[in-house]
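Colleague: If you scroll down you'll find the structure; I have some questions about it.
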Amino acid sequence: MKQYGLVGHPLDHSFSKQFFTDKFIRENLTNCTYKNFDIKDISQVKTVVNNTPELMGFNVTIPYKEQIIPYLHKIDSEAAEVGAVNTVKITNGKWTGYNTDIYGFKQSLKPFLEISQERALILGTGGASKAVYYVLNSLNINCLFVSRTPKKDNEISYNDVNEYVIRNHQIIVNTTPIGTFPKIDEKPEICYNEITSKHLLYDLIYNPDETQFLKEGRKKGATTINGLQMLKIQAEKSWKIWNE
Ligand code: NAP
């Protein structure tokens, strides 16, 4: 038996368990199972692993993507640079951490990128925003973060996102949870009037399919992408890491 799983809290609405369960059925992987490990404190991850000897690896989600790092024996260089881990592989009792959100975001974004898109606005400054920044930066796209509480030089507040800022940032990525089910009527407060068909709006949220943020973009003719493709690509990448 090969066991895989997800460590986080809460996990009631997690996508991964359904994704891997469907995959195992589709690919006739009858010796594989995927389980949710809902733990209230990251220190419990040791007990989870000790009590699950057949565990080959696990995904990590909110709120533990950063807190897992001290528990690792090794960390992949990209994950270390981003400072967040969402995939752990266990080999002979040693834990190695990876960040497949980076790969998922990059691969899902690439087909939609245009040369004219040189600057991006990243809404939110949490864990996922760091992977987004890492990818955009590696593609030579200049990034500006939008935060409720801007602290650094490359962070501005929502009040600062005026027409000029929107006109000058052709890529806008929502990495905040605003608009996630059940609060589907909410959207980040930015100046949607200035969005054009030259803009690319990417929402990391995948439930609902189309958030208010993406709806506003679509109404203005922008290209819009939701988080579903990223989610699937990062999950498949985790699978590859566990099995290579
Ligand atoms: P996180 O660490 O909690 O960060 C979210 C950030 O959004 C916060 O740091 C905060 O930035 C901002 N924010 C939070 N609540 C807000 C509010 N009420 N109003 C305005 N801004 C708010 O979460 P995360 O891990 O980065 O995940 C963020 C989102 O991405 C979640 O919806 C998650 O499901 C999604 N995600 C999707 C994928 C995928 O594969 N599609 C992968 C990873 C994450 P400021 O304090 O600076 O404002």
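The values are calculated or read from the model by the stated rules, or taken from the named source; none is laboratory data. The structure presented is a predicted model; accordingly, all values stated were derived computationally and were not measured. Positions of Cβ are backbone-derived with ideal geometry, glycine not excepted, and every protein chain shown enters the neighbour counts.
Colleague: Could you go through segment 119-127 and let me know if any residue there is under 13 Å from the mean Cα position of the chain (by Cα), in the same structural domain as residue 66 (by TED's automatic domain parsing) and in a helix (DSSP H, G or I).
Modeller: Checked against the condition, which is being under 13 Å from the mean Cα position of the chain (by Cα), in the same structural domain as residue 66 (by TED's automatic domain parsing) and in a helix (DSSP H, G or I), segment 119-127 yields no hits at all.
Colleague: Restricting to segment 130-157, name every residue that is among the small types (Gly, Ala, Ser) and under 18 Å from residue 114 (Cβ atoms).
Modeller: So the first thing to find is which residues in segment 130-157 are among the small types (Gly, Ala, Ser), and the list is 131, 138, 147, 157.
The answer is 138, and nothing else.
Colleague: So, in segment 149-206, how many residues would count as being within 10 Å of the ligand (Cβ to nearest atom) and part of a helix (DSSP H, G or I)?
Modeller: Number of matching residues: 1.
Colleague: While we're on this one: Return yes or no: is residue 115 out of contact with any Leu (no Cβ under 8 Å at 6 or more places or on another chain), assigned by TED's automatic domain parsing to the domain that holds residue 174 and outside any helix (DSSP H, G or I)?
Modeller: yes
Colleague: Any residue in segment 120-132 that's free of Cβ contacts under 8 Å to residues at least 24 places away in the same chain and closer than 17 Å to residue 108 by Cα: show its pairings with residues that are near the ligand (Cβ under 6 Å from one of its atoms) and among the acidic types (Asp, Glu) at Cβ separation under 7 Å, as long as the two are six or more apart or on different chains.
Modeller: Once the first residue is free of Cβ contacts under 8 Å to residues at least 24 places away in the same chain and closer than 17 Å to residue 108 by Cα and sits in segment 120-132, no partner that is near the ligand (Cβ under 6 Å from one of its atoms) and among the acidic types (Asp, Glu) comes close enough.
Colleague: Considering only residues that are surrounded by 18 or more Cβ atoms within 10 Å (Cβ to Cβ) and either of a type in the set (Asp, Glu) or within 13 Å of the ligand (Cβ to nearest atom) (or both), which ones fall in segment 215-230?
Modeller: 216, 225, 226, 227, 230 - these are the residues of segment 215-230 that are surrounded by 18 or more Cβ atoms within 10 Å (Cβ to Cβ) and either of a type in the set (Asp, Glu) or within 13 Å of the ligand (Cβ to nearest atom) (or both).
Okay, residues lined up against (1) more than 24 Å from residue 16 (Cβ to Cβ); (2) under 15 Å from the mean Cα position of the chain (by Cα); (3) modelled with pLDDT under 95:
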{"position": "181", "(1), (2), (3)": "no, no, yes"}
{"position": "191", "(1), (2), (3)": "yes, no, yes"}
{"position": "214", "(1), (2), (3)": "no, no, no"}
{"position": "230", "(1), (2), (3)": "no, yes, no"}
{"position": "240", "(1), (2), (3)": "no, no, no"}
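Colleague: Still on this structure, please answer the following. Could you pull out the residue among 197, 238 that is exposed (fewer than 14 other Cβ atoms within 10 Å of the Cβ) and either within 30 Å of residue 59 (Cβ to Cβ) or not β-branched (Val, Ile, Thr) (or both)?
Modeller: 197
Colleague: Looking only at residues in segment 40-96 that are free of Cβ contacts under 8 Å to residues at least 24 places away in the same chain and buried (at least 18 other Cβ atoms within 10 Å of the Cβ), which one is nearest to the chain's Cα centre (by Cα)?
Modeller: Going through segment 40-96, the residues free of Cβ contacts under 8 Å to residues at least 24 places away in the same chain turn out to be 41, 43-44, 47, 50-51, 53, 70, 73-77, 79-80, 91-94.
Right, trim to buried (at least 18 other Cβ atoms within 10 Å of the Cβ) and you get 75-76, 79.
Numbers: 75: 18, 76: 17, 79: 13 Å.
The extreme case among them is 79.
Colleague: Can you name the number of the only condition in (1) closer than 20 Å to residue 240 by Cβ; (2) of a type outside the set (Gly, Ala, Ser); (3) in a strand (DSSP E or B) that residue 19 fails?
Modeller: Every listed condition holds for residue 19 apart from (3).
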